[in-house]
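> Structure provided below as C-alpha cells; questions to follow.
The values are calculated or read from the model by the stated rules, or taken from the named source; none is laboratory data. Treat the numbers as computed from the prediction; the structure is a model and nothing was measured. When we count neighbours, we look across all protein chains shown, and the Cβ atoms used for this are built from the backbone with ideal geometry, even at glycine. Ligands, DNA and RNA are excluded from the accessible area calculation, which covers all protein heavy atoms including side chains. Shrake-Rupley method; radii C 1.70, N 1.55, O 1.52, S 1.80 Å.
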Amino acid sequence: MPDVTGPYAPGTPCWVDLMVPDQQAALDFYRDLFGWQGEVGPPETGGYAVCSMNGKPVAGIMAAMNPDGSKPDPMPPSVWTTYLATADVDATQSRIATNGGEVMMPAMDVMTLGRMSVATDPTGAVFGLWQARDFPGAGVVNEPGAVIWNELNTSDTATASGFYAKALGIKATPMEGATGYFSLEVDGRMVGGLQGLASIEGIPEDAPSHWLTYFAVDDTDGTVDALVRAGGNVLKPPFDMMAGRMAVVQDPQGGVFAVINATPPDQPA
C-alpha cells in the first residue's frame, strides 16, 4: 500500500532529502513537478523543510549551510541523499567504520524526531542513517510524486554487497531477467537495487558511486517535458525497461533523480 503505517525495518530506505543552494526555489520546483506541499522550517531545525503529499511526509529539502549557519564557499553540489533505517545509529556507525566505510557526519539527535548520521560506503557512495523516534520517515511511497525505488550505482558491486550485508544486514541477490542487476533485500523483502557503474549505458566514465532516488509518476514523458520547461535538464531521456518507462534528470540546481511510470511496457498504463 502507498501509505506507510508501521516502522521501517533496519536496512530499509526510509527517507530522502535534497540539499540545495536555494531552498525556496527547490520547494517551488518540486511543488509544481510533483504536487508537494512544503515551506522553510523553523530556525531550530536549520530551516529544514519536510515536504508532504496528501498530508503525509514524502521528502525533505534543506539549504546548504555550514554548521555555524553560514553559506558554504564553495557551494557543494545539489544532491539527493537516501537514508537507511537503523535501530541504533551509533552501533551501525561502528560497523561502517570496521567494514571499510567512513562516517562523514557523526551521529546526532534531531530534537525528539530521531537520530541521524551520514556516511560513505567503501566505494564512495554517500548515504544517511536514520534511527526513528517521533518521526519514522516517509509516510507515503510507491505512488505518483513519492519515492518508489532507491538504487545503488557502484564502482565495485562485490565490495558494496559485502559492506551493506555486514554493516546494515542488507543482502544483494542477482535479479532474475536483469543481467548484472541485484535486488537489495531486508528479511527477504526487496527494498532497493544495486548495479555496477560500468553496466549503465551512457553514464559518464568519471561518474562516482552514488545512491539514486526514483520518484513514481503517471506519465514519464509528460513529467520530463514539465521539468525541462521549469529549467531542469535531461540526463537520460525516457525509455522503456523491464520495470516500466523511466528517465534520469536534474532539477534546475543540479540535483539528480529518476522518474518512472512503473508499468511494464507490455501492460496497460
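> Do you know which residues across the stretch 200-228 are in a helix (DSSP H, G or I), open to solvent by less than 70 Å² (accessible area, probe 1.4 Å) and more than 16 Å from Gly254 (Cβ to Cβ)?
Pass one, the stretch 200-228, residues in a helix (DSSP H, G or I): 220-228.
Okay, now just the ones that are also open to solvent by less than 70 Å² (accessible area, probe 1.4 Å), so 220-224, 226-227.
Matches in the stretch 200-228: Thr220, Asp221, Gly222, Thr223, Val224, Ala226.
> Here's a check for you: in the stretch 232-242, which residue that is without any contact (Cβ under 8 Å) to a residue 60 or more places away in the chain and not aliphatic (A, V, I, L, M) is surrounded by the most Cβ atoms within 10 Å (Cβ to Cβ)? I'd like the intermediate steps shown before the answer.
Taking the stretch 232-242 and keeping what is without any contact (Cβ under 8 Å) to a residue 60 or more places away in the chain, we get 233-241.
With not aliphatic (A, V, I, L, M) added as a condition, the list becomes 233, 236-240.
Numbers: Asn233: 12, Lys236: 15, Pro237: 12, Pro238: 20, Phe239: 12, Asp240: 14.
Checking each candidate, the answer is Pro238.
> Hey, among the residues in the stretch 121-130 that are within 11 Å of Asp156 (Cα to Cα) and of a type outside the set (Asp, Glu), which one's least open to solvent (accessible area, probe 1.4 Å)?
The first filter runs over the stretch 121-130 and keeps only residues within 11 Å of Asp156 (Cα to Cα), leaving 121-125.
In the following step, the residues that additionally are of a type outside the set (Asp, Glu) were identified as 122-125.
Values: Pro122: 50, Thr123: 25, Gly124: 40, Ala125: 0 Å².
Among them, the one singled out is Ala125.
> Let me ask something else. Inspect all residues belonging to the stretch 78-94 and state whether any of them is among the acidic types (Asp, Glu), part of a loop (DSSP other than H, G, I, E, B) and under 19 Å from the mean Cα position of the chain (by Cα).
Scanning the stretch 78-94, I find no residue that is among the acidic types (Asp, Glu), part of a loop (DSSP other than H, G, I, E, B) and under 19 Å from the mean Cα position of the chain (by Cα), so the answer is no.
> Considering only the stretch 131-140, how many residues are open to solvent by 30 Å² or more (accessible area, probe 1.4 Å) and either assigned to a loop (DSSP other than H, G, I, E, B) or closer than 19 Å to Met53 by Cβ (or both)?
Final tally of qualifying residues: 4.
> Spot the failing condition for Thr98; the list is (1) open to solvent by 50 Å² or more (accessible area, probe 1.4 Å); (2) modelled with pLDDT of 95 or more; (3) on the phi > 0 side of the Ramachandran plot, and only one is missed.
Checking Thr98 against (1) open to solvent by 50 Å² or more (accessible area, probe 1.4 Å); (2) modelled with pLDDT of 95 or more; (3) on the phi > 0 side of the Ramachandran plot, the one that fails is (3).
> Taking interchain pairs and intrachain pairs at least six residues apart, which have beta carbon atoms under 6 angstrom, with the first residue in the stretch 1-17 and assigned to a strand (DSSP E or B) and open to solvent by 20 Å² or more (accessible area, probe 1.4 Å) and the second small (Gly, Ala, Ser) and modelled with pLDDT under 95?
Final answer for the pair search is none.
> List, please: which pairs have Cβ atoms under 6 Å, are six or more places apart or on different chains, and start with a residue in the stretch 185-211 that is of a type outside the set (A, V, I, L, M) and end with one that is open to solvent by 70 Å² or more (accessible area, probe 1.4 Å) and at pLDDT 90 or above?
Close Cβ pairs (under 6 Å, with a partner that is open to solvent by 70 Å² or more (accessible area, probe 1.4 Å) and at pLDDT 90 or above) amount to Glu185/Lys171; Ser209/Ser155.
> For the stretch 106-120, name all the residues that are among the aliphatic types (A, V, I, L, M) and surrounded by 13 or more Cβ atoms within 10 Å (Cβ to Cβ). Even if it seems obvious, please write down each step before you answer.
Here is the first cut: in the stretch 106-120, the residues among the aliphatic types (A, V, I, L, M) are 107-108, 110-111, 113, 116, 118-119.
Passing the criteria: Ala107, Val110, Leu113, Met116, Val118, Ala119.
> Just one of (1) open to solvent by 20 Å² or more (accessible area, probe 1.4 Å); (2) in contact (Cβ under 8 Å) with a residue 24 or more places away in the chain; (3) among the hydrophobic types (A, V, I, L, M, F, W, C) trips up Val40, so point out which.
Every condition holds for Val40 apart from (2).
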